[in-house]
Amino acid sequence: MQTGNGEGRHGFEMTQFLPTRRTLVTGALAGVATAAIASLNGANAQSGVRRARYGAAVRADALAADAAYAAALAARCRLIVPEGSLKWSDLRPSATEFRFTDADIIAAFADRHRIDLRGHTLAWYGAMPAWTEAIASRAEAERTLVHHIETVVSRYAGRIVSWDVVNEAVPEKPATVSDLRPFAWTRWLGADYIAIAFRAAAAADPNARLVLNEYDVEFVGARFAARRAALLHIARNLVERGVPIHAIGLQGHLLADREIDRDGLQTFLREVRVLGLDVLVTELDVIDASLPGAIEVRDARVAECARSFLNTVAEVTPPSAILTWGISDRYTWVPMYFTRSDALPNRPLPLDAQMRPKPFMAVLEQFSRMAS
Ligand code: 9MR
């Protein structure tokens, strides 16, 4: 099993924390972020290094159509991950076809700008095409899952440096630690689908970093504690059986009205480190539906929420990557589920809809290394 820093194709040096010119300029411009970032030097002093590379989830259609969006990604990201283009729903119109057009657009952009790629995701209940419901046996399920992973991972071997192999295996509200979210793979393969997926990914690209990705593990409350316990149970099981897994991905879709469970999350992260696993923040954004409408107040609260989360993580284990789920409020999934009652547009991401940096970006600059 590999552990370590998650270095990518385009280099990964351990850099001592030093504020960059951009950090200072943006920090000054941001103004309202000053309070939010004031305590960050403490976090970085504690962790000693700012090892996380910054990245963002990318939409292929927007990349092709929107030059300002493409420029913002190229200017800031050391890593990108397709937001949808590598999901089964997007790649697999039928049991016999693969459609790589959109994923290839994003991969070509990454190559052109010397940005590393992450892959999302090889097994996820949320993106199963309808045809998988017709799978009729354990053998067929295993064959289908393994064939998909072999085909997709080997196509991008050496280019996708890390994969969210299994996404959201834990049910919304697990009753026991071994509860799994039901879908086609659990129906036929039970809990084995997880090890099967990790082993197939490792066989297809032995150098890729393999990640178990999960959401809603950060907050105070019994449901979140149960989710941490269930996630740890899966990870421990894999490590004890020698299944190749390298990291836990904390999605980090932060609910602005919930308190981060500092003790609970840090205890969990220490356990993750004991297992020899790395930690990434894979889908960070701040769900602002409950926050006041006033933009300066809202943006400051969003930045503070992200800071509090990243600080809690970095004190135990500086993540090897921090990716936001999108880079600009122009393209975000948040209004699909969390529209505001005042009908104002959501502002969950580090750049606003005009690609201007918000206080959230200043926080990210304190915790991670950007493209330049
Ligand atoms: O942001 C993604 C959205 O555009 C898609 O419609 C949706 C379904 O594929 O998935 C969203 O991304 C999710 C990610 O894949 C897994 N974690 C939660 C993300 C937000 O819902």
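The values are calculated or read from the model by the stated rules, or taken from the named source; none is laboratory data. Because the structure is a prediction, the values reported are computed rather than measured. All Cβ positions, glycine included, derive from the backbone under ideal geometry; neighbour counts span all protein chains shown. In case anyone asks, the SASA skips ligands and DNA or RNA and just uses the protein heavy atoms, side chains included. Shrake-Rupley method; radii C 1.70, N 1.55, O 1.52, S 1.80 Å.
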Antiparallel bridge percentage (DSSP; both residues within the chain; nearest 5): 10
Cα-based shape type of the stretch 301-341, given that a ≥ b ≥ c are square roots of the gyration tensor eigenvalues and the cut on a/c is 1.5: prolate
Accessible carbon and sulfur surface of the stretch 201-328 relative to its total accessible area, %, 1.4 Å: 50
Rounded to the nearest 20 debye, dipole of the stretch 42-148 from Cβ charges on Lys, Arg, Asp, Glu: 620
Contact order relative to length of the stretch 77-187, as percent, for alpha carbon pairs under 8 angstrom and 6 or more apart: 29
Acute angle (nearest 10 degrees) that the helix 192-204 long axis makes with the longest principal axis of the chain, alpha-carbon atoms: 80
Stretchable slack from GLU259 to ARG241, in nm (0.36 nm times residue separation minus alpha-carbon distance): 3.0 nm
Contact order relative to length of the stretch 163-236, as percent, for alpha carbon pairs under 8 angstrom and 6 or more apart: 46
Where ARG78, ARG301 fall by accessible area, highest first, once all protein chains stay in place (1.4 Å): ARG301, ARG78
Sequence-distant residues sharing a close amide H with LEU284 (under 5 Å, placed H): LEU323, THR324, TRP325
List ASP342, ASP261, ordered by accessible area with a 1.4 Å probe, largest first: ASP342, ASP261
Cα extents of the chain along the three principal axes, largest first (Å): 59, 45, 44
Centre separation in Å (Cα based) which lies between the stretch 52-71 and the stretch 188-249: 28
Exposed GluC sites (Glu not before Pro) absent - longest run of the chain, DSSP non-H/G/I/E/B, at most 16 other C-beta within 10 Å: 260-372
Magnitude of the charge dipole, the chain, Cβ model with Lys/Arg +1 and Asp/Glu -1, debye to 20: 660
Anisotropy class of the stretch 65-153 from Cα gyration tensor, a/c 1.5 cut: prolate
Angle between the chain longest axis and helix 21-30 axis [Cα atoms, degrees, rounded to 10]: 70
Which of MET370, ALA184, PRO350, positive extreme of dipole for the chain (C-beta unit charges): MET370
Volume of the Cα convex hull of the stretch 162-302, divided per residue and given in Å³: 121
On Cα atoms only, tilt of 101-112 relative to the major axis of the chain in degrees: 50
With DNA, RNA and ligands ignored, accessible area of LYS358 (1.4 Å probe; Å², nearest 10): 10
The chain - percent relative contact order, Cα under 8 Å, separation 6 or more: 23
Rounded accessible area per residue of the chain, 1.4 Å, Å²: 38
Computed accessible area, MET336, all protein chains, 1.4 angstrom probe, square angstrom: 130
